[in-house]
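A quick write-up on the structure given underneath.
Bear in mind that the values in this text are calculations on the coordinates, not laboratory data. Nothing here was measured: the structure is a model prediction, and the numbers come from that model. Backbone-built Cβ (ideal geometry, glycine too); neighbour counts: all protein chains shown.
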Amino acid sequence: MDLKRFIKPNILSLTAYDPGTINCKIKLDANESPYGFSIRYTTDCAQDILAIDTNRYPDSKAAGLREFIASSLDIEHESMIFGNGSDELIYSLIAAVGGPVLCPTPTFSMYSIISRILNQEILTIPLDSDFDIDIDLMFKTALQFDVKLIFLSSPNNPTGNCFGREKILTLIEKTDAIVIVDEAYQQFSGIESFIPLVKKYERLAVFRTLSKIGLAALRIGFMIASPELIKEVNKVRLPFNINSISQETALRVLRDGLSIESFIDEIIRGREYLFSGLLKIKGIKPYPSEANFILFGVDDTTCGLNAEEVFNRLIEQDILVRNLISQIKGCLRVTVGTENENEVFLEALREIVIKCRV
């Protein structure tokens, strides 16, 4: 029996997303925080237990977590919805609103992948030479195709830069689309958040995630938007999508905000150290970043190796970075690691380049 005849054509044309399965001692490929949290739940008997009633379904509205985050961000409870990572929020939003969907490229791949899964038209516009939005073409495309959703990751993954604020405002104010500003990496940048503008613009939504600040294992993202939009998206959200363990763990960590802030500061310092070190390696071109990673190009005429070869040589040194040559010619991306990981990576890259020039 040919089971493919049961599968929708738009799914048959897809390739499953592969987060990568290469195992290396130093893992700098996934934009994770190098700093995590060990949560202990202690009873009077001094036993470490998980204080969760495992026989009960999770709080479907994540009320405790919602109250804490809403208070921290000075927003209404009704203006927030949680997702099992930002991926689920993208899915729910496209399922509720539909397409066409518009985004720049290169950017976070799930905007395109999920649009195609849901059989919605996806339109992509190349970034300009500074990795910023081509506002004229984005605006023209949004109007011409009656675009329903515009996804903007700022700071952008994988380029690391923030898009021009005025350009984003232009799309919010002068198109009829819902504009989503994905601020997954905002806490590592010096830019002003778009969250305060949600009350002003009913077609603005902002994504945030806990994954980049040391809680990737929990898979918690949230969207902030008008209560009207939240109400409609909530209709397609699967029930109990945030499990009890993730809710409780996230709440305990967030209450200890000092640790998170210190980790963010350490990552920013590490980013500056990495950027400075990459600048000193002949044939390597790092691009300025406002995120927790750095995009860098490999000049094969200077290095004697192309980006693919450098990527493989790093793996031989037990160091994994992200290979982006299919998206940006000659480029790799390195996540900011611990102080030691950053030093080991830079030293390995220096040796690889020097040996190939000899």
Exercise. Taking N as the number of residues in region 258-357, what is its alpha-carbon radius of gyration divided by 2.2 N^0.38 Å?
Worked result: 1.05
For this session: Would you mind classifying the chain by shape? Square roots of the alpha carbon gyration tensor eigenvalues, ordered a ≥ b ≥ c; an a/c under 1.5 is rounded, otherwise it is prolate if a/b is larger than b/c and oblate if not.
Result: oblate
Seminar exercise, completed: Net charge near Glu266 (other residues with Cβ under 15 Å of its Cβ; Lys, Arg +1; Asp, Glu -1) is -4
Exercise. Taking Rh as the Kirkwood radius, which is the inverse of the mean 1/r over Cα pairs, what is the Rg/Rh value for region 156-294?
Worked result: 1.02
For this session: Using Cα positions and a limit of under 26 Å, work out the lysines in reach of Lys280, with same-chain residues fewer than 8 apart set aside.
Result: Lys25, Lys27, Lys329, Lys355
For this session: May I ask you to list the lysines whose Cα is less than 17 Å away from that of Lys231, ignoring any residue fewer than eight positions away on the same chain?
Result: Lys61, Lys199
For this session: Could you order peptides 290-296, 213-219 by the average number of other Cβ atoms within 10 Å of their residues, highest first?
Result: 290-296, 213-219
Exercise. Over the Cα atoms of region 63-179, what is the Rg over Rh ratio if Rh follows Kirkwood?
Worked result: 0.99
